[in-house]
Amino acid sequence: MKSWLLRGLGLALVHVVVRVLLGAALIQWPLQGSVLRWAGLAVVVLAAVAWAGLDGIRDRRAHPDVDDGDDLTMRWLAAGAVTGLVGGFVTWLVDTVTSIPVGVKSLFFELTSGAAFTVLLVFLPAMAAVAVGRFLVRHDKPGDDDWSDHSNRPERTPAMAATGPSTTDSTRGAAPTDAWSNDEAPTEVFPVVDPTTRNRDA
């Protein structure tokens with residue numbers, strides 16, 4: 001089965017179940033109609049967001065390069081179209097065949113205006129969830145340009161600096177000094193002069 005068809009049929013099932021339950025709930029609590037409708041709308045949106053977010057995470061993990069990723073835009077646009085058309089038709093069928101007052105107007109309305117609203121209800125939150133999923137995976141794996149990653153920084157190693165050319169006896173016994181081999185190391189190291197040797201030469 002195509003991935004967009006699977007998502008469209010799954011969300012169409014959620015759409016039909018929500019509308020059937022909403023119709024039954026409005027009979028029991030008619031004064032809570034606004035709250036119940038918003039709750040049903042939130043269920044459909046959250047189902048699309050959860051599924052699309054997982055798609056974004058899986059796609060970024062499988063294709064770290066943005067240009068190699070799957071076309072999730074067309075996938076979820078087709079899934080939204082299937083959700084709107086199939087969900088609208090099945091909802092009209094349930095309202096026509098059974099005694100459950102789903103609250104549909106006509107088959108033409110369900111396949112045109114109702115389906116268009118359902119497409120936007122699925123597609124727009126799904127695209128936002130895909131972007132967030134890809135964004136989270138990208139920041140879970142720091143790249144080479146991440147300033148907070150110090151694993152590749154070279155360690156400082158001590159090096160013996162040169163004592164320079166020795167022209168007199170006073171500089172022959174000078175001990176070499178340690179210097180760190182990094183950018184802050186001095187460019188020239190002067191030899192240590194023994195005061196007793198200087199007095200003897202004088």
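The values are calculated or read from the model by the stated rules, or taken from the named source; none is laboratory data. Keep in mind that this is a model prediction, so the values were computed, not measured. All Cβ positions, glycine included, derive from the backbone under ideal geometry; neighbour counts span all protein chains shown.
Here is how the numbers come out for the structure above:
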read-out: Any pair with Cβ under 9 angstrom, 6 or more apart, that starts in the range 107-125 at a residue that is assigned by TED's automatic domain parsing to the domain that holds ALA47 and ends at one that is surrounded by 14 or more Cβ atoms within 10 Å (Cβ to Cβ) and basic (Lys, Arg); value: VAL122/ARG7
read-out: Selected residue (only one of VAL130, VAL82, VAL102 is in contact with a Gly (Cβ under 6 Å, 6 or more places away or on another chain), modelled with pLDDT of 95 or more and assigned by TED's automatic domain parsing to the domain that holds ARG7); value: VAL82
read-out: In the range 23-63, the residues that are exposed (fewer than 13 other Cβ atoms within 10 Å of the Cβ) and touching a Phe, Trp or Tyr at 6+ places or on another chain (Cβ under 9 Å); value: VAL35
read-out: Segments classed as helices (runs of 4 or more DSSP H), wholly inside the range 28-127, with at least 1 members that are closer than 16 Å to LEU6 by Cα; value: 33-62, 72-97
